[in-house]
Amino acid sequence: MRVLLVHPSALMYSEIFLRLEPLGLERVAAALLADGHDVRLVDLQVCRTAELAGQLTGFAPHAVGFSLNYLANVPEVTDLAKWIKTVLPGCLIFAGGHSVSFVAEHVLAQAEGAIDVVLKGEGETAAPALLAAAADRVLTGVPGAVTSAGAGPAPKMVHSLDEHLPARHLGAHRRKYFIGVMDPAASIEFTRGCPWDCSFCSAWTFYGRSYRRLSPDAAAEDMCRIREPGVFIVDDVAFIKAEEGDEIARQLERRRVRKQYYLETRCDVLIRNEEVFRRWRRLGLNYMFLGLEALDEEGLKAFRKRTTPRVNNKALEIARSMGLSVAINIIADPDWDEARFAFVRDWAMSVPEIVNITVQTPYPGTETWLTEARRLTTLDYRLFDVQHAVLPTRLPLYRFYQELVKTQTVLARKHLGVAALAKTSGIIARQLLRGQANFARMIWKFDRVYNADRQYSEHLRPARYLLPPPAEKPVAAPGRKELFIHAPARRASAV
């Protein structure tokens, strides 16, 4: 079967700071290739819709699959599906991914027949099973499948993450993928899932709070297949278990693999497994993302981060001692006033780390969706990108955006302004000599992408596609398993 896989356009944050290869879609492609299908991939983050149109007419796929990891992409994908149905009426159109798994029935209804199937759960198992059943169009027997005729059995987890390493050869325009100064950069996955249970996050609810890993051999093999000099390790929490990180490092050392690495981890994991991070520092780890989320004890407890300001500060000291470039995320509460924004700006300017500000956003699949969704001021999918306020703000909305953008601008200039260019000019010059201009371009795009007028006006756009309305009555925090997409076969080991 001829299959075309499509990743939708970049979101607001990705217009500047990063653009990552569609790793999940590449793994689904690998699974479909292993089943004998003819597969092509179009990433609308890095190519125009005309390229998609060309594939529809030239390749004439029997099936088109969309990645829907982000809610804000739902309107775009729905409209593309409706268009494809007019071009190829008999084409099977399906969508899958993290976010759509939590709103599958709703998205299917809004697509009005343009999307035939929404696949819940991991695509490497669901997509091959779907296409195997497609000839008879008996799709409700496919695990994880949701159709207008009903839902199939519960989704199945991938038996082994060693199977179906990403089909990176299908992706065009690979030089357009980057993260910060790592330009170009590929992505790689060592582990999947998260054993923690932060109230604002759906990573643990999607995977049933499970935690799985590639074998060190498979991880090293995949790394050896990457040509880019920079690699972003996409794990929700890197090196939870020190012995696993050590063994992958040993394999890479033996194979003489040298890259620049960027990863994300937790502060308590960095403290507990400091030596493995130091080993990776010698291997090429230069950049680290730490999600502090809040600066005070109260905020950390509200997010159920299971850490403390003291632990977070100790982790920052360790990262500094290693000479790492560290990015921190702080979640802006819509209840912030001018004084709170000013406090965060002052704190962020007092530390050497790069500080990012995102906006508190209840997402389907999180506990905060059930407890906070009745307070939502909008259900427009496009605004659920952690860059817009979708809960009531203490300040008038436009004033909130003025303070938010002022804070983001001050922090961006700290690391991307004229004074900071002296530190990065050499990097930029070397990138330009290699024909890489992603990082150089982002420096000049900030004011165009982040401004209060744009963000406020986006609330005023007519919205044709809305999230499902929340329950009218207050909802207490649900039982854990009620939120799970995947029910793990056995309980995740303690960490």
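Summary of values
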| item | result |
| --- | --- |
| Flag for residue 145 being surrounded by fewer than 18 Cβ atoms within 10 Å (Cβ to Cβ), assigned by TED's automatic domain parsing to the domain that holds residue 39 and out of contact with any Phe, Trp or Tyr (no Cβ under 6 Å at 6 or more places or on another chain) | no |
| Verdict on residue 74 being outside the structural domain of residue 206 (by TED's automatic domain parsing), buried (at least 18 other Cβ atoms within 10 Å of the Cβ) and closer than 25 Å to residue 174 by Cβ | no |
| Options 77, 64, 158: the member that is modelled with pLDDT under 95, under 22 Å from residue 22 (Cβ atoms) and under 24 Å from the mean Cα position of the chain (by Cα) | 158 |
| Hits in segment 60-101 - residues which are more than 18 Å from residue 10 (Cα to Cα) and in a loop (DSSP other than H, G, I, E, B) | 60, 61, 62, 88, 89, 90, 91 |
| Among (1) in a strand (DSSP E or B); (2) among the hydroxyl-bearing types (Ser, Thr, Tyr); (3) modelled with pLDDT under 95 - the single one residue 187 does not satisfy | (3) |
| Selected residue [over 15 Å from the mean Cα position of the chain (by Cα) and either hydroxyl-bearing (Ser, Thr, Tyr) or surrounded by fewer than 22 Cβ atoms within 10 Å (Cβ to Cβ) (or both)] from 207, 177, 211 | 211 |
| Conditions (1) within 27 Å of residue 364 (Cα to Cα); (2) in contact with a Phe, Trp or Tyr (Cβ under 9 Å, 6 or more places away or on another chain): number failed by residue 383 | (2) |
| Checklist (1) farther than 22 Å from residue 43 by Cβ; (2) within 22 Å of the chain's Cα centre (by Cα); (3) surrounded by fewer than 22 Cβ atoms within 10 Å (Cβ to Cβ) applied to residue 125, failing item | (3) |
| The listed residue being within 22 Å of residue 470 (Cβ to Cβ), touching a helix residue (DSSP H, G or I) at 6+ places or on another chain (Cβ under 7 Å) and not assigned by TED's automatic domain parsing to the domain that holds residue 120, out of 397, 376 | 397 |
| Residue match in segment 414-423 (condition: at pLDDT 70 or above and surrounded by 10 or more Cβ atoms within 10 Å (Cβ to Cβ)) | yes |
| One residue from 287, 261 being in contact (Cβ under 8 Å) with a residue 60 or more places away in the chain, surrounded by 19 or more Cβ atoms within 10 Å (Cβ to Cβ), among the aromatic types (Phe, Trp, Tyr) and over 15 Å from residue 198 (Cβ atoms) | 287 |
| Residue list for segment 300-342, restricted to those being in a helix (DSSP H, G or I) and basic (Lys, Arg) | 301, 310, 314, 320, 340 |
| Options 438, 451: the member that is at pLDDT 80 or above and either over 30 Å from residue 81 (Cα atoms) or surrounded by 12 or more Cβ atoms within 10 Å (Cβ to Cβ) (or both) | 451 |
| Which numbered condition residue 219 fails, given (1) over 22 Å from the mean Cα position of the chain (by Cα); (2) under 23 Å from residue 162 (Cβ atoms); (3) aliphatic (A, V, I, L, M) | (1) |
| Residue list for segment 281-309, restricted to those being among the basic types (Lys, Arg) and either at pLDDT 95 or above or under 20 Å from the mean Cα position of the chain (by Cα) (or both) | 281, 282, 305 |
| Matching residues in segment 1-47 - criterion: being part of a loop (DSSP other than H, G, I, E, B), crowded, with 23+ Cβ neighbours inside 10 Å and in contact with a His (Cβ under 7 Å, 6 or more places away or on another chain) | 22 |
| Checking residue 218 against (1) part of a helix (DSSP H, G or I); (2) in contact with an Asp or Glu (Cβ under 7 Å, 6 or more places away or on another chain); (3) under 19 Å from residue 486 (Cβ atoms), the condition it does not meet | (3) |
| Condition check for residue 204: in contact with a helix residue (DSSP H, G or I) (Cβ under 9 Å, 6 or more places away or on another chain), at pLDDT below 95 and assigned to a loop (DSSP other than H, G, I, E, B) | no |
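The values are calculated or read from the model by the stated rules, or taken from the named source; none is laboratory data. Remember, it's a predicted structure, so these values are computed and weren't measured experimentally. Note that we place each Cβ from the backbone using ideal geometry, even for glycine, and neighbour counts take in every protein chain shown.
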